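Undergrad: Below is the structure I would like to discuss, written out as structure tokens.
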Amino acid sequence: MGAGNHTEVSQFLLLGLSDDPELQPLLFGLFLSMYLVTVLGNLLIILAVSSDSQLHTPMYFFLANLSFVDICFISTTVPKMLVNIQAQSKDISYIGCLTQVYLFMVFAGMDDFLLTVMAYDRFVAICHPLHYMVIMNPRFCGLLVLMCWLIIFCVALVHILLLRRLTFCIGTEIPHFFCELAQILKAPCSDTLINNICLYVATALLCIFPLTGILFSYSQIVSSLMRISSAVGKYKVFFTCGSHLSVVSLFYGTSLGVYLTSTLTHSSQRSSVVSEMYTVVTPMLNPFIYSLRNKDVKGALGRLLSRSAPCL
């Protein structure tokens, strides 16, 4: 194949979840419903936190940021998929694909970092309650979130710059419903050794280190929990961490499922279905987990909806 076929590539083909024409309306309705529920649920969390003074605490500040990131996360992949289903097309432009890779890495990484910061917040609140408001002051919380954004922006930018140096053949197919970095690195006509090395390093940075931080925080929380003699006190500590633990388990459980599926199976369709859990289902369930398990959030949502009802 000539060099022109490598350098003039302007678009890729996203193979999606299924080629069956009869399934397309069902997939469109399903993903549209999940997208709307995700955006609405996370938007309600943001509005509840911002409008209720009782939720103006570090924990709910991080929760509002997590909800914002989840809206952006699902908006990176699902709208393009819905457009392609509706237009009966599989095309995505080269620039659009790189943009999707960049935004996907940014928001997936921010999800990971925010869950780690929230675990640290619970560690300080439970293990150092007398110094909590001094340590977790608004300026420090803002700096933590800003640092997370800066780190993930730089990491994602490195991957995009490395992708730009690769050459692709015209008609390159991506066996997924969005441009995922690992799938794209299987498609180039040029060597991807440096890209793969950077991918492994980024995986360690964005997954292993944050997970280690979460495990350390909860090991300290459990240690403090064992020193509490009151059963009521133990229940209260566990209750304050229950929602976060559920979200962490869901996030890392689906992430591990994606990794194991891509490693143990060569079926691109099965890998895409598991990725759907990670990219669509997790952001959709997060607001339900926090609202159903947290009486403060439920109370704030109730007050928000009651204030909005007369205006409807």
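Undergrad: Along the charge dipole of the chain, pointing to its positive end and built from +1/-1 on Cβ of Lys, Arg, Asp and Glu, which listed residue (LEU115, LEU256, GLY242) has its Cα farthest out?
TA: Projecting each Cα onto the dipole axis, the largest value belongs to GLY242.
Undergrad: OK, next. Specify the residue with the greatest mean-square fluctuation among SER67, SER229, SER217, computed from a Gaussian network of the chain linking alpha-carbon atoms under 10 Å apart.
TA: SER229
Undergrad: For the chain, the longest stretch holding no trypsin sites (Lys or Arg not before Pro) located in a DSSP loop with at most 14 other Cβ atoms within 10 Å is which? List each step's numbers first, then the result.
TA: Details: sites that count: ARG165, LYS186, ARG227.
That would be 1-164.
Undergrad: Normalise the Debye intensity by I(0) for the range 60-215, one equal point scatterer per Cα, no solvent, then take log10 at q = 0.13, 0.15 Å⁻¹ and round to two decimals.
TA: Rounded to two decimals, the profile gives -0.69, -0.86.
Undergrad: So, one more: How big is the dipole moment of the chain about its Cα centre under a simple scheme where the beta carbon of each Lys and Arg is +1, that of each Asp and Glu is -1, and everything else is neutral? Debye, nearest 20, please.
TA: Details: 16 positive and 15 negative charges, 233 e Å.
The dipole of the chain has a size of about 1120 debye.
Undergrad: Take LEU32 and SER89, extend 7 Å from each Cα along the Cα→Cβ direction, and tell me the distance between the two endpoints in nm.
TA: Calculated label separation equals 1.8 nm.
Undergrad: Per DSSP H run of n ≥ 4, the term is -39500 (n - 2.57); total these for the chain, divide by its residue number, and report the mean residue ellipticity at 222 nm rounded to 500 deg cm²/dmol. Walk me through the numbers before you get to the answer.
TA: Working: 13 runs with 230 residues, N = 312.
It lands at -25000 deg cm²/dmol.
Undergrad: In a Gaussian network model over the chain where Cα atoms closer than 10 Å are linked, find which of LEU161, LEU82, LEU13 has the largest mean-square fluctuation.
TA: Answer for the Gaussian network model of the chain: LEU161.
Undergrad: Next question, about the same structure. Running Debye on the chain with equal point scatterers at the Cα sites and no solvent, what base-10 log of I(q)/I(0) appears at q = 0.09, 0.12, 0.13 Å⁻¹?
TA: -0.52, -0.87, -1.00
Undergrad: Quick check: pseudo-label points 7 Å beyond the Cα along Cα→Cβ at SER306 and LEU256, how many nm apart are they?
TA: 4.2
Undergrad: Along the three principal axes, how long is the range 143-186 when you take its alpha carbons, biggest first, rounded to the nearest angstrom?
TA: 44, 23, 12
Undergrad: So which residue, out of GLN24, GLN88, GLN11, gets the largest mean-square fluctuation from a GNM of the chain using Cα contacts under 10 Å as springs?
TA: Residue with maximal mean-square fluctuation among GLN24, GLN88, GLN11: GLN88.
All of the numbers you see were taken from the coordinates with simple rules; none came from a lab. All figures in this text were calculated on a predicted structure; none of them were measured in a lab. For neighbour counting, all protein chains shown are included, and Cβ atoms are generated from backbone atoms with ideal geometry for every residue, glycine included.
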